[in-house]
Amino acid sequence: KKLILLLTILLLSNCSFMDEKYEWGPFVSVPVGFPVRIYTGRVGEQSIMSDFRASLEKGWGYAGTANSSEKQLPKDIDIIWYSYVEDCFYRVKADLDYPKLLKLFREGYKKRARNLEAFPKGYGEETFRTFVVGLAPGGVVVVWVEGPMRQIEIGRFQAEKINLKQPEGLDDHDALIFSEQERKETLEDERFRPKHIREKPTPFGLWDDYRDIKYPWYPTFEFYKGAKIGDVFIEYFNREKWDTFYDEMTLETPARKNYSSSEITIIPDIFYQKGEDISDKKYPLPRALRFIYKANNGIKYWGTYDFDWEENKKVFAEFFKMYPNTKRARLNIRVNRDNSLFTIRLENEKGDGIFFPFHRERLDLDDTYDDYPTLD
């Protein structure tokens with residue numbers, strides 16, 4: 001009887017597990033300059049339209065609009081595509097980490113809400129909506145789940161080259177994937193294959209470097225005394241992205257070296273995420289940084305910066321070569337007195353470090369809208 005009861009409980013639990021549904025849709029992403037054409041494919045039971053795919057601007061890992069519907073989460077992917085640049089077909093057939101997916105969709109996450117009447121806590125509950133499937137040269141496949149202000153990698157997979165011959169009876173559209181003339185026209189089209197990419201060799205391995213090159217670092221934000229930090233958003237080169245609410249940030253007043261001298265000075269109002277100063281977790285290199293704060297003049301500002309991959313690699317590598325005993329590097333953003341610009345510097349616990357080269361065109365710091373009640 002106990003065995004029958006146990007089997008019944010397991011069966012009911014499994015049925016509930018299988019009936020769990022969420023609203024989501026798939027989206028195929030490719031790097032800028034490396035167009036593909038999908039021959040056939042599916043994410044779980046959701047089919048992927050057989051069509052041309054190219055990135056005109058956003059690039060690798062970007063989550064576009066997906067046709068979504070309520071259904072069970074996918075357990076696997078099976079996709080065949082043609083790489084125009086490599087002139088070959090690939091197939092990826094792989095299982096997804098279903099327990100991880102289920103946990104992410106069940107738990108969801110908090111999304112900032114500015115309407116405090118509707119959301120008195122300042123946030124609403126959100127979950128993921130899109131399965132992003134990235135297809136890169138060399139048969140590299142990465143799958144993410146994406147929602148507003150959040151994107152998390154599920155796994156990296158390796159596709160295999162396959163020989164695929166044109167079957168009889170294809171209509172003109174479906175036959176394009178086998179057309180040498182269509183391939184030639186695509187590779188000569190500046191929209192799909194920009195000149196600055198066409199003139200360089202295919203950077204095989206780059207998309208793995210985006211996810212594999214990691215260091216122990218965390219961001220800190222330095223303002224003149226009396227400022228108040230708002231929410232912080234970080235996107236990494238592996239295309240994961242994350243936002244941190246202002247109430248997850250804390251204030252410190254450490255001893256720091258003045259950048260222009262060897263003197264130790266106390267610099268007030270440096271904010272960082274709680275617990276990050278003792279964590280040894282490694283993160284990919286930052287791709288983009290966004291933050292909001294209220295300065296001591298009472299004005300709210302919105303700061304943004306877009307990083308360069310090669311420059312990032314160089315600065316991080318040089319820093320950890322110069323200071324190999326650094327347990328946790330600080331990516332310190334220091335805002336100037338009149339709130340017109342900021343510098344970015346990797347530094348250790350003592351304040352020793354390396355500046356990122358200054359690029360005014362990549363930096364934006366302006367006063368922003370007042371519709372941000374958490375800073376009032």
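Sort out which residues of segment 111-132 are under 30 Å from L96 (Cβ atoms) and either aliphatic (A, V, I, L, M) or outside the structural domain of P26 (by TED's automatic domain parsing) (or both), and write them in order of number. Selection gives V132 alone. The C-beta contact set for segment 350-376 (first residue crowded, with 16+ Cβ neighbours inside 10 Å and assigned to a loop (DSSP other than H, G, I, E, B), second residue at pLDDT below 85 and not acidic (D, E), distance under 6 angstrom, 6+ apart or interchain) comprises G351/R256; G351/K257.
With respect to the conditions (1) buried (at least 19 other Cβ atoms within 10 Å of the Cβ); (2) under 22 Å from D171 (Cα atoms); (3) touching a Pro at 6+ places or on another chain (Cβ under 8 Å), V43 lacks only one, and its number is (2).
Could you run through segment 41-62 and say how many residues are under 30 Å from W309 (Cα atoms) and part of a loop (DSSP other than H, G, I, E, B)?
Initially, segment 41-62 is screened for residues under 30 Å from W309 (Cα atoms), giving 52-62.
The next check asks that each one be part of a loop (DSSP other than H, G, I, E, B); those that pass are 54, 56-62.
Qualifying residue count for the region: 8.
Within segment 308-327, being touching a residue at least 40 places away in the same chain (Cβ under 8 Å), among the charged types (D, E, K, R) and either touching a Lys or Arg at 6+ places or on another chain (Cβ under 9 Å) or more than 12 Å from P216 (Cα to Cα) (or both) holds for D308, E311, K313.
Among the residues that make up segment 313-326, is at least one of them buried (at least 16 other Cβ atoms within 10 Å of the Cβ), more than 25 Å from the chain's Cα centre (by Cα) and closer than 23 Å to A227 by Cβ?
Initially, segment 313-326 is screened for residues buried (at least 16 other Cβ atoms within 10 Å of the Cβ), giving 315-316, 319-320, 323, 326.
Next, from what is left, pick out any that are more than 25 Å from the chain's Cα centre (by Cα): 323, 326.
Now restrict to residues that are closer than 23 Å to A227 by Cβ: none.
No: segment 313-326 contains no residue that is buried (at least 16 other Cβ atoms within 10 Å of the Cβ), more than 25 Å from the chain's Cα centre (by Cα) and closer than 23 Å to A227 by Cβ.
Here segment 266-296 is the region considered, the condition is being farther than 26 Å from K313 by Cα and loosely packed, with under 14 Cβ neighbours inside 10 Å, and the residue that is modelled with the highest pLDDT is K274.
For segment 27-40, filtered to residues that are within 19 Å of F178 (Cα to Cα) and not in a loop (DSSP other than H, G, I, E, B), the residue that is nearest to the chain's Cα centre (by Cα) is V36.
The rows are residues; the columns are (1) out of contact with any His (no Cβ under 6 Å at 6 or more places or on another chain); (2) modelled with pLDDT under 95; (3) surrounded by 13 or more Cβ atoms within 10 Å (Cβ to Cβ).
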| residue | (1), (2), (3) |
| --- | --- |
| F131 | yes, no, yes |
| P137 | yes, no, yes |
| V145 | yes, no, yes |
| N163 | yes, no, no |
| G169 | yes, yes, no |
| A175 | yes, yes, yes |
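For the residues T326, T343, the requirement of being of a type in the set (S, T, Y) and assigned to a strand (DSSP E or B) singles out T343. Of all residues in segment 60-80, those that are among the small types (G, A, S), more than 30 Å from F204 (Cα to Cα) and surrounded by 14 or more Cβ atoms within 10 Å (Cβ to Cβ) total 1.
The values are calculated or read from the model by the stated rules, or taken from the named source; none is laboratory data. Keep in mind that this is a model prediction, so the values were computed, not measured. Please note: Cβ atoms are built from the backbone with ideal geometry, for glycine as well, and neighbour counts cover all protein chains shown.
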